[in-house]
Amino acid sequence: MTFRFVARQILREFRGAGSRLLYFTLCLTLGVGAVVLVAGLSLALDQSIRREARSLLAADLAVLGSRPTPPEVVAAAEQLPGSRTSRVVETVTIVAAGGGAEPAERPPRTLLVELKIVDGPYPFYGALRLEPDARLDDLLGSDGVVVAPDLLPRLGTQVGDTLRLGGEPFTIRGVVLEEPDRIGAALTLGPRVFASRAGLARTPLQGFGSRIDTKLLIALPEGTTPAQLRGAKAELEAYLPPEERFRVETYDQAQPAIRRGLDRLERYLGLVALLSLLVGGIGVGQAVRSWVSSRLDAIAVLKCLGVRPREALALYFGQALLLGLIGSLAGAVLGTALLYLTPALLADLIPSPTLVGTGRFQVWQPAAIVRGLLLGVGVTAIFGLLPLSRVLQVPPSRVLRRDAEPLAGSRTLVAGCGVLLILGIGALAAAQSGSPRLAAQFTGGLLATTIALATAAWGLTRIAQRVPRGTGRLWLRHGLASLGRPGAATVGAIVAVGLGLLVVFATRQVQTQLLEQMAEELPKDAPSMFLVDVQTDQWDPLASLLKEQGASDTRSVPVVMARLRAIDGVKVAELVETSARRSRRWALTREQRLTYMQTLPEDNRIVEGALWADPSPYEISLEEEFAREDLGVGVGAMLEFDLQGIPIEFKVTSLRAVDWESFGINFFLVAEPGSLEEAPQFRLATTQIPKGMEQATQDIVVSRFPNITVVMLRDLLDRVISLLSLLGIAISLLGAFTLVAGFAILTATVGVESRRRGREVALMKTLGMKRNGIAALFATEYALMGLVAGIIGAAGGGVVSWIALTEGMELEWSFRPLEYLQAIAICTLLTVVAGVAASIGPMRRRPVEVLRELESA
């Protein structure tokens, strides 16, 4: 075959093929659009992070830690050629409105905030937009603060009013409109407040037990090369202590923590998008099968003219790929168009609002478009190969005998196409997720679900074929007969719709059950308020104050900070070097919080050993998972701690199971009484406050004890639930692509069979049947399809949600029959609507038009 011949044949095939182009487009557009949307969003955010990397770090280098930066590290940073440094301290505390109210009077309103202390020039890169427009140092001084805009209405204050920080008065001198390096804007504990180092020194917020995070920001001279940047980082790391309490980040790392999170989210959403594309592939297979069936005569003519079977296969395969490319291009346009809506829709979900600011979020993503096109064409190839293989079996004798059907394909050919299909899906999943393990899991789960749906569809057709002809009314008999007729697309339609329902229903089940457990299954006796940084001498008056406010079940435990030095005589530094797991290295080097008590709380249960059973050494009890998984120890192990330079050794005599869902005060490490009483310590406290009294109690506690940080559990849970709800909506919308694709496949299936449907309608109208009656016949057929797809899809979604909740999140799963029935009913109804709507064209045809087509054929 010459190229000219092939081109001429393709043009002939496309004449009058508008409907076929439309069906291919419907099959692929949604799936490719979802792929382009997810890939484009990921690439746009990654580009924004890289482009704004210096602004997001506010420097070229930063030394991050949970303790003051070591002096030798500061000195090394200042000695870097041409460097400039600035220190930042971040912590969480409570601020109060007003400046002169006495504790005995009505206490001022209080609010949990995120405090940022700046000592030096800030930021080196990016913009800190303030109102009024002035330098931060000029606004702060030693007695001024600038605050986030949402703090003012929540405290009923305005610029110029007094704000009490740590009990000391500060003047609100401005509002922070934009902050370059605030990451994680979707979930914060409170509004931002800026103060100076001199201002912090006036407060008691740096007392023992206070939780602070430090940053040493370093700007290098303009023109610093990447190699020089890495050299500066290595030089600073040489001065860091061996424990993993500090780390050095460079701007060209482009926020590794954020990018890791985005990568994980992209892998999950990418597979959901791929699933909608694979559902479209089922429709492609059905459309190709119907197309080949309608072109048997033309194929026979080509073979009579000397075209070899393989050449005929290549000709039609090329046409299918071209149609797939057209549908993929439409999907790429859809996905790119949806990206325009992303900045407005995801403003609360992305790591930093600055990443989607005007001109920063690049909607045009050629790499995402190319990925979508390649995946779309790849899906067309792997799903169209088996139905196209019929081209090889078309006999040339069909030119003389119209009833000469294609020969049966060999089992080897069918099996080979099936293997190629599975391998192709696995390859597409690996390309989309970037993880062979995830790709294998995805392919296996998809294969199992598809087999279940296909088996159910096959069973339905067999039942329909075996039902006696005189059973039931006409509409039921016809609906069953249509499902069971040879060549019906029942299996493909049920698989497509069922897979779509599975994704949407599973996502919905996980979202609702997770949120309900967080919101409603909070133990009735769970504390409503946590009090942090309570000094030892403050506990008795604080307990009395809480009692006056009607608090109940008030509990307090001492907290001693220490670091692990050795396990069974092996130094922690050696254990860290030999440990491959990041979680274990963190557990070994983190600052440990120990407490001591005689009896354990009710939510603790001894699972191994005995509590305070050995009189000779100091004893310690460990939470079982922390002991076995993180520290790798059991009963009998010896743990040596560094308590502010003083070594102290404990013997592990028991392991505990802890019910963390009780929200009580629980620890990984509990020492026996008599071991830590003389150590520097502070206290944590919990209490239950009468409903409606939380804010008033917080106000009066902070007015009496300014250093204490109060965290209200319900507010924190509400923020988490709000964020999870937004994520659930985003995932559900993407999952809905799959369900919509399933209905598009159903619509396309009806469309490619429009000629046969038209003949059926003409016959029924000739026999005197009205249009409403014909619609009822079709509705019965589609209702049975939707019912089977709904049952299998809902059941599969329930299994997926059960695995996700019980295995992935270690939460309880509940079976809710009403939700399953609702999903099945909605699926059935939508299937009927889609099928009948797609059949309107054939139902409108007049019998005379069909007869004329038969005469001309």
Hey, rough spin-label estimate for Tyr340 and Arg411, points 7 angstrom out along Cα→Cβ, what's it come to in nanometres? 5.6
Under a straight-distance cross-link criterion of Cα-Cα below 23 Å, which lysines are reachable from Lys651, leaving out those fewer than 8 residues away in the same chain? Lys571
Got a sec? What order do Glu694, Glu625, Glu677 fall in by accessible area at 1.4 Å, biggest, i.e. largest, first? Glu625, Glu677, Glu694
When we measure straight from the Cα of Lys233, which lysines land under 19 angstrom away, once same-chain ones fewer than 8 places off are left out? Lys215
Given points 7 Å out from each Cα along the Cα-Cβ axis, report the Arg247 to Gln228 separation in nanometres with one decimal. 2.7
Using the 2.2 N^0.38 Å rule of thumb for compact globular proteins, work out how segment 583-724 stacks up: its C-alpha Rg over that value, please. 1.23
Arranged from highest to lowest average of other beta-carbon atoms within 10 Å per residue, in what order do the peptides 450-458, 793-801, 114-122 appear? 793-801, 114-122, 450-458
Quote the FRET efficiency, to the nearest 0.05, computed for Arg628 versus Thr806 with a Förster distance R0 of 30 Å and r equal to the Cβ-Cβ distance. 0.90
Cα gyration tensor shape for segment 640-714, rounded if a/c is under 1.5, else prolate or oblate: oblate
Among the lysines, which fall within straight-line cross-link reach of Lys547, defined as a Cα-Cα distance under 27 Å, with same-chain neighbours fewer than 8 residues apart omitted? Lys524, Lys691
Lys, Arg +1 and Asp, Glu -1 on Cβ, resulting dipole of segment 590-710 about Cα centre, debye, nearest 20: 400
Sort segment 36-87 into rounded, prolate or oblate with this rule: let a ≥ b ≥ c be the square roots of the eigenvalues of the Cα gyration tensor; rounded if a/c is under 1.5, and if a/c is not under 1.5, prolate when a/b is larger than b/c, oblate otherwise. prolate
Want the number for Thr578 to Thr766: 0.36 nm per residue separation, take away the alpha-carbon distance, what's left? 59.3 nm
In nm², the average projected area of the convex hull spanned by the Cα atoms of segment 49-177 is 9.7
If the chain between Ser552 and Arg197 were fully extended at 0.36 nm per residue, the gain over the current Cα-Cα distance would be 123.9 nm
Between Arg135 and Arg714, what length comes free when the chain is fully extended (0.36 nm per residue of separation minus the Cα-Cα distance, one decimal in nm)? 204.7 nm
How far apart, in nanometres, would the label points at Val419 and Arg51 be if each is projected 7 angstrom from Cα along the Cα-to-Cβ direction? 4.8
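The values are calculated or read from the model by the stated rules, or taken from the named source; none is laboratory data. A quick note: this is a predicted structure, and the numbers were derived from the prediction, not measured. Neighbour counts run over all protein chains shown; Cβ positions are idealised from the backbone, glycine included. With ligands, DNA and RNA removed, areas are computed over all heavy atoms of the protein, side chains included. Shrake-Rupley method; radii C 1.70, N 1.55, O 1.52, S 1.80 Å.
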